[in-house]
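Each reported figure results from applying straightforward, stated rules to the coordinates on display, with no laboratory input. In this text the structure is predicted, and so the values were computed from the model without any measurement. Cβ: placed from backbone, ideal geometry, glycine included. Neighbour counts: every protein chain shown.
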Amino acid sequence: MNGAGIEPVLLGHNPFFGVDHLSRAAGNAKAARFADTTRVMEVLLGCHELGVRGMVLPSAPRAAELCRAIAGQPDLDREWQLYPLIPYLQKHVLGASEKGLVTRVMDTLPQASAWQKVSLLWQGGRGMLRRDVEQGLRLLIDVEMVGFNGRRLGAVFLHDALTDLALGLGVEAIFKVFRDHVGRKYGVPAGLATKNLPWLCARLAQMGWERPLVMAALNARGFRVNPSLAACEELLRGAAGVTVVAAGTLAGGALEPEVAYRYLAQFPAIRSVVVGVSSQAHVAETVGAIRRFMPCAGAQNGQPLGVD
Amino acid sequence: MGLLHAAIFNALPGSQAVAVAEPARQVRDMFGTLNSSIRTYPDSEAMLAAEALDGLVIAAPVAQRLSIALSCVERRVPFLVEEPLAADLEPAAPLVRALVRAPIPHMAACVTRCVDAFEKGQAILASGCLGRLHRITGSSYVSQRLKRGRGEPQDSGGVLLSCGFHLLDLLTWYAGPVARLSANVFPAVSSDGEDFAHVMLEFGSGLRGWIDSAWSLRFHPMLETTFEASGDNGSLSISDDALRLFLDEPAGGYPAGWTALSAADLYRPVPVDVGGPQFTRADQAFLEVLRGKRAAEPDVMQALHVQRIVDAAHRSSAQGGSAERILV
């Protein structure tokens, strides 16, 4: 599950999906602005010129549209890696009480080709009929991944909503199902996103995991960092073997890039940074600061890092 | 939502999730396979009969909440219930009678009160720094009903019973009970309730204001809630993630001029975050209620006052915006 080869700078999806952690109003305004996919592609192409080669993308219906747009740009199609974040799995699980799990799965399947539908339902449906939870989870992962069919992948992340729910409920065994299935079927590392970094890492250590790949909010303001910034700093200083993808690094815009990345540079465990940018000027300033201050992220030469 | 609360209680120090009532077989199977220390039941009655619980979170569909709460009172099991309690006020009478006859610790979960900015707003208003208030207003907008596949049946009943309910709860928390109102509510895309609601409010204190709520507006993928207050000494504006206070003169510990706090300024970490810090804070508050360390706020009676406001708003709109009195 290590993050060898993960891109040092990953473009975040939040601005394109109407998420702004400092202002919901601003997030909703961005959703309106980026409702036109050509505007998203303008940002992506600008990032490409600056050397960005990876993007975190949820498995929402809109993501399939973006994947098609990326496929239509030869440079992006050839050189970019996508890092799916699969939040809709949570809706399948939680929504099962309302509509039933099979119905939830069928709701998602229109994105799949006829052959994919047959294949997915044959493999996963048998497990669900046998009340095989692990087989059912594998089916849900595959359904989530339908929209990314044919795209180059860098890693697949479990959304923090589900990671943290599983942690809280004590059903962390799903992490192993996720890791094994992603590695075997998609050939890339599986990562876990979380809002509780020390708790997750402690639990993974108890489970005997080596070199886990985790994604969490990390910034000098401690914004959305739990249970405290001090606890996360302590973890990062002693985090041998944990590969961290830092998100929320600008504290939703509360920090200047120089301040943000000078701070993060002290933690070698941070090997990649997710940046949420909505304009060309913003991306140039942010990526420039990462390259200047975070050699530990392997970003000095714009080349993908190697963890090992 | 029930699983979210279960995860939080299971993770918070001093509490443990021991049982879950869940009609979906797949979810029960998941626990059976992956964590058998949490026992599962197909319904809450079976769980209440079999378990000796210190508390129960009622996060069932709206139509089932009152009957489960009533079972809790009869079995002396403290409960935390999601808002709203019911689709309308009338079926709540047996629960009210039971709680008056045999009170038990209980609380209604209004997580909007636990959002950093709104919690800080309450402290500012309570300080009295704005002086005599002239008016208060609130809005809540979301695209919920425009999203394909959403809506049925859990959130049926209209926008006032959904995001409008939490907004009204917020205003009554800030300004006290509502005494009179006039409303205009109407559907646009929904067949089972209103999509838009505008309610003019007069509080028991004489303060006036209004709320505007919609769940069928484009480009609001995230619920956006705002509040504004103006008074003799200044004004206060709050959103989900920011707060701006302006005072003519220093008061209540706040300086003259602008005080602006962003989400990053207001953020307070939580011991465990599953779905947002506000849920953790609501659950922590319930634990403190169970331990006798604080009073429940809001309790069922306060939640039912908001239910009365919603009912009165529907009556008012049906009669062309008539003024409706609300029993406090």
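General remarks:
- Between the beta carbons of B:Q319 and B:R25, assuming R0 = 60 Å, the FRET efficiency works out to 0.80 to the nearest 0.05.
- Mean projection area, nm², convex hull over Cα of the range B:2-111: 7.1 nm²
- Per-pair calculated FRET efficiency, R0 = 41 Å: B:W258 and A:A231 via Cβ, rounded to 0.05: 0.75
- Among B:S191, B:S216, a tally of other beta-carbon atoms within 10 Å of each Cβ gives an order, fewest to most, of B:S191, B:S216.
- Under 14 Å, Cβ to Cβ, from A:F267 - net charge with Lys/Arg +1 and Asp/Glu -1: +1
- In nm, spacing of pseudo-spin labels at B:E249 and A:A202 (7 Å Cα→C-beta vector): 5.1 nm
- When B:H5, A:H181 are sorted by how many other C-beta atoms sit within 10 angstrom of their C-beta, beginning with the fewest, the order is A:H181, B:H5.
- Least to most buried among B:C163, B:C114 (fewest other Cβ within 10 Å first): B:C114, B:C163
- The Rg/Rh ratio of the protein assembly as shown, with Rg taken over Cα atoms and Rh as the Kirkwood radius over Cα pairs, comes to 0.96.
- Relative contact order computed over the range B:2-111 (Cα-Cα under 8 Å; 6+ residues apart), in percent: 20 percent
- Between B:F186 and A:E65, the FRET efficiency from the beta-carbon distance, with R0 = 30 Å, is close to 0.35.
- With a Cα cut-off of under 22 Å and a minimum spacing of 8 residues unless on different chains, the lysine pairs in the protein assembly as shown number 12.
- When each of the peptides B:14-21, B:248-255, B:225-232, B:136-143 is scored by the mean number of other C-beta atoms lying within 10 Å of its residues, the order from highest to lowest reads B:136-143, B:225-232, B:14-21, B:248-255.
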